[in-house]
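What follows is a single structure, written as structure tokens, with notes after it.
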Amino acid sequence: MTAVAAYEAGLHGANCWVYPGDGTRQALPVHRWLADADHQDALIVAATVEDLSGASAGSVLDVGCGPGRLTAAIAAAGAMAVGIDVSATAVALTRARGARAVRADVFGPVPRTGRWDRVLLADGNLGIGGDPAALLTRATQLLAPGGRVIADVEPAGGIRRTQAWIEAHSEEPDGHRRIGGPVPWAWVGLDAVTALGEQSGLSVHTVTRSPGRCVVVWSVTS
Ligand SMILES: C[S@@+](CC[C@H](N)C(=O)[O-])C[C@H]1O[C@@H](n2cnc3c(N)ncnc32)[C@H](O)[C@@H]1O
């Protein structure tokens, strides 16, 4: 069974954990992702829709949208928001909220490539694929000229790349079952964001913080 199957079991209510490769085990916060966006999300939603008002509401691609709480919040703020996710369950849950979502791998074919005003990498999604420079470079390909990338990062530190493991325990009629699999991931700290952007043709536009979040906005270097 794969990491995606374990994550999807978590979205369906099974206990779900991540082993981030440092000897610890943490509960995957799927309950938070299944809930609606809250006050802790206000900072990243505001940073995403900043300067998008006007005649054109602007388009936002929420990469790794999960069950879509941020896709929905950004759409409610007036933008044309679409989530993409490799998980069919996540896409279905996003649509069930009334938000738009497409099942797609960010490194594969993505609708409207080269035409997105904003690419959002929320909830640590700068770690997708385990190579943040490659992901940021991919994000610049998805963006329209003048576009921006928004991501939350650790408040300090550099980049830690790892092979994480996602695991879920599901209760089956015939007993307890453990499913899971590896997932390449990376954790990015604030100290790395300038150099990381430069490698991908991006410059840091803003850094904003709240007690629960540190949000970086990069713009395409002209
Ligand atoms: C940390 S969770 C994000 C939670 C989400 N932001 C939310 O609000 O619920 C990471 C998400 O990225 C998705 N994902 C992982 N690799 C991906 C890829 N290559 N392309 C698109 N989505 C991916 C996972 O399926 C998962 O839903």
message: Quick query: amide H of L28 versus all other amide H atoms, modeled in the peptide plane; which residues come in under 5 Å with a sequence gap of 5 or more or a different chain?
response: C16, W17, V18
message: Just to be sure I understand the model, the point goes 7 Å from the Cα along the line to the Cβ. What's the resulting D105 to S222 distance in nm?
response: 3.6
- prompt: Can you give the helix-only mean residue ellipticity at 222 nm for the chain, where every DSSP H stretch with n ≥ 4 adds -39500 (n - 2.57) and the sum goes over all residues, rounded to the nearest 500 deg cm²/dmol?
  reply: -7000 deg cm²/dmol
field: Å² per residue, accessible surface of the stretch 1-93 at 1.4 Å
entry: 42
- prompt: Using alpha carbon centroids, what distance separates the stretch 47-87 and the stretch 149-188, in Å?
  reply: 24
- prompt: Short version: ³J(HN,Hα) in whole Hz for each residue of the stretch 24-39, in order, from phi by Karplus 6.51 cos²θ - 1.76 cosθ + 1.60 (θ = phi - 60°), x for Gly and Pro, what are they?
  reply: 9, 10, 10, 5, 6, x, 5, 5, 5, 5, 6, 6, 6, 4, 10, 4
statement: For the R25, A92 Cβ pair and Förster radius 22 Å, calculated FRET efficiency rounded to 0.05 is 0.20
message: Please report the antiparallel percentage of DSSP beta bridges with both residues in the chain, rounded to the nearest 5.
response: 65
query: Under the definition of Cα pairs under 8 Å and six or more residues apart, what whole-number percent is the relative contact order of the stretch 39-146?
result: 25
- prompt: Which net charge results for the neighbourhood of L190, defined as the other residues with beta-carbon distances under 11 angstrom from its beta-carbon, given Lys and Arg at +1 and Asp and Glu at -1?
  reply: -2
field: Diffusion constant of the chain at 37 °C, which comes from Stokes-Einstein with the Kirkwood Cα-pair radius and 0.692 mPa s, µm²/s
entry: 186
task: Using θ = phi - 60° and the Karplus relation 6.51 cos²θ - 1.76 cosθ + 1.60, list the HN-Hα couplings for the stretch 171-183 in order, rounded to whole Hz, with x at every Gly or Pro.
output: 8, 9, x, 9, x, 7, 10, 10, 10, x, x, x, 8
query: FRET efficiency for N15 and Q163, Cβ-Cβ distance as r, R0 = 35 Å, nearest 0.05?
result: 0.95
- prompt: Among G146, I179, A164, whose Cα lies farthest out toward the positive end of the dipole of the stretch 101-187, if unit charges sit on the beta carbon of Lys, Arg (+1) and Asp, Glu (-1)?
  reply: G146
- line: the stretch 162-222: relative contact order from alpha carbon pairs under 8 Å, six or more residues apart, as a whole percent, is 23
query: Relative contact order for the chain using alpha-carbon pairs under 8 Å, separation at least 6, rounded to a whole percent?
result: 22
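The values are calculated or read from the model by the stated rules, or taken from the named source; none is laboratory data. Bear in mind that the values here come from a model prediction, so they are computed numbers and not experimental data. Note that each Cβ is placed from the backbone with ideal geometry, even for glycine, and that neighbours are counted across all protein chains shown. These accessible areas exclude ligands, DNA and RNA; they are computed on the full protein's heavy atoms, side chains included. Shrake-Rupley method; radii C 1.70, N 1.55, O 1.52, S 1.80 Å.
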